[in-house]
1. Need the list of aspartates and glutamates near K73 for cross-linking: C-alpha distance under 13 angstrom, and skip anything on the same chain fewer than eight residues off.
2. If you keep only loop residues by DSSP, which chymotrypsin sites (Phe, Trp or Tyr not before Pro) in segment 44-91 have at most 15 other Cβ atoms within 10 Å of their Cβ?
3. Please turn the phi angles of segment 27-43 into ³J(HN,Hα) values with the Karplus equation 6.51 cos²θ - 1.76 cosθ + 1.60 (θ = phi - 60°), one per residue in order, whole Hz, x for glycine and proline.
4. Positive end of the dipole of segment 47-180, charges at C-beta (+1 Lys, Arg; -1 Asp, Glu), about the Cα centre: which of F59, F176, T82 has its Cα farthest in that direction?
5. Could you give me the ³J(HN,Hα) list for segment 73-85, computed from phi with Karplus coefficients 6.51, -1.76, 1.60 and θ = phi - 60°, whole Hz, x at Gly and Pro?
6. Please compute the volume of the convex hull spanned by the alpha-carbon atoms of segment 3-107 and report it per residue in Å³.
7. With the crude spin-label approximation of a point 7 Å out along Cα→Cβ, what separation in nm comes out for V114 versus T8?
8. Pull out a ≥ b ≥ c, the square roots of the eigenvalues of the alpha-carbon gyration tensor of segment 34-85, then state rounded if a/c is under 1.5, prolate if not and a/b is larger than b/c, and oblate in the remaining case.
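What follows draws every value from the coordinates through simple rules; no lab data is involved. Remember, predicted model here, so these are calculated numbers, not experimental data. Ideal geometry is used to build each Cβ from the backbone, glycine not excepted, and the neighbour counts take in all protein chains shown.
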Amino acid sequence: MRSEEYGTSPEPGTVRIERYLPGPVERIWAYLTEGEKRGKWLATGEMELRVGGRVEHHFLHADLSPEKVPPPKYAAAEAGHTMYGTVTRCEPPRLLAYTWGNEADDSEVTYELVPRGDEVLLVVTQRRLRGRAGMANVAAGWHTHLGLLLDHLEGRAARGFWSGHASAEAEYTRRFADQA
């Protein structure tokens with residue numbers, strides 16, 4: 001099924017994942033930008049939709065799926081955590097980019113939305129990632145979160161976040177073995 005394909009690393013330190021989602025594009029834009037809707041698949045929080053605007057992501061993975069307790073590797077995430085960033089590009093409803101953190105060398109995530117009939121091609125690209133393990137972890141996170149978004153949009157029960165992440169991380173570690 002094309003919606004579950006693995007992402008790629010088109011260049012060192014970069015992860016790119018594509019998903020076809022049920023449209024229209026305005027619906028998908030809302031699930032990227034509105035905190036309550038984003039909280040169903042990624043993280044809640046406010047977002048100022050303008051270049052230089054503040055981004056807040058309050059992650060609580062236990063709220064996303066039936067799997068409430070993280071594996072020991074992610075035990076520190078059990079109570080949730082918050083990430084702040086800054087909007088770098090905002091072209092509603094087709095393109096959104098922001099830093100993943102507030103430091104000058106933090107990574108940046110870009111969402112591109114392209115209408116394709118009744119579907120929307122969502123392309124998520126995260127750049128300036130450090131190391132193979134970091135790339136595999138980020139790719140697995142996007143892979144799993146986007147699977148949850150698809151489940152929600154299609155009215156299905158949410159898949160397990162932690163088991164899905166572990167499986168995807170193992171596969172991305174294998175796929176990115178030659179990346180630095």
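1. E169
2. Working: sites: F59, Y74, Y84; in loops: none.
Loop-located and lightly packed - none at all.
3. 5, 5, 4, 4, 6, 8, 10, 8, x, 5, 5, 4, x, 6, 9, 9, 6
4. Of F59, F176, T82, it is F176.
5. 4, 10, 4, 5, 8, 4, 8, x, 7, 10, 10, 10, x
6. Working: hull volume 14.7 nm³, N = 105.
About 140 Å³ per residue, rounded to a whole number.
7. Taking the two extended label points, one gets 1.2 nm.
8. Numbers: a/c = 4.24, a/b = 1.93, b/c = 2.19.
Oblate.
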